[in-house]
């Protein structure tokens, strides 16, 4: 079974606790902030032109507009299969989650990393990373949908691995390009995982109600 309620709530609690820990460090300039500076400086010092081009491609492919477009395409496919609960879950998770991320940014108002020779310059707030959150939410919802139809443990494991790999790559691209700190990426991944869990709980609830109505 793709969904287990106890496991879902355990993931939610763990993700909320992780976000709270990261946010506390950001607000109070804790040890994680010192690590932020060291990681950012190291990545900026050892970048290469080829890797920069790859990371620019990755990051632009996961802009909020791109995530919304991918979500629309998947929603159209789901509509043809009459997967209404999954459409609602996807809309709440990805486009809805990105809007929520913007509100969280305004709450913390953290400045982005600054370099004398930046690879990419943005004027918006830094914490938490919207690109990382978008990858977590979109690929996470897609992964959960595919898991609900996978019968092989090998396929399920590969599906989960691909989801986390995409989140890691997108998060790394933001740090490499110097527009996010490590804590921004961790915070984005943590809060969006909590939101994703709530959305998936909602999907399962809608499915159960639909089954009880038709049954």
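Throughout, read-outs are computed from the coordinates displayed, never taken from laboratory work. Computed from a prediction, not measured in an experiment: that's the story for all the values here. Because the Cβ atoms are built from the backbone with ideal geometry, glycine has one as well, and the counts that use them run over all protein chains shown.
Taking 8 Å as the Cα distance limit and 6 or more residues as the minimum spacing, I'd like the relative contact order of the chain as a percentage.
RCO, the chain: 35 percent.
For the peptides 85-96, 109-120, what is the packing order when you average, over each peptide's residues, the other Cβ atoms within 10 Å and list the highest mean first?
Highest-to-lowest ranking by the protection proxy: 85-96, 109-120.
So what is the 222 nm mean residue ellipticity for the chain from helices alone, if each DSSP H run of at least 4 adds -39500 (n - 2.57) and you divide by all residues, rounding to the nearest 500 deg cm²/dmol?
-27000 deg cm²/dmol
Taking the convex hull of the alpha carbon atoms in the chain, what volume per residue do you get, in Å³?
That works out to 129 Å³ per residue.
Note the full-extension length gain between residue 33 and residue 84 as 0.36 nm times their separation in residues minus their Cα-Cα distance, in nm to one decimal.
Going from the current span to full extension adds 14.1 nm.
Report the Cα centroid-to-centroid distance between segment 35-107 and segment 188-214 in angstrom, as an integer.
Between the Cα centres of segment 35-107 and segment 188-214 lies a distance of 20 Å.
When the chain is fully extended, how far beyond the present Cα-Cα distance does residue 168 get from residue 51, taking 0.36 nm per residue of separation?
Going from the current span to full extension adds 40.6 nm.
Please report, in whole Å³, the volume per residue of the convex hull around the C-alpha atoms of segment 98-147.
Dividing the Cα hull volume of segment 98-147 by its residues yields 83 Å³.
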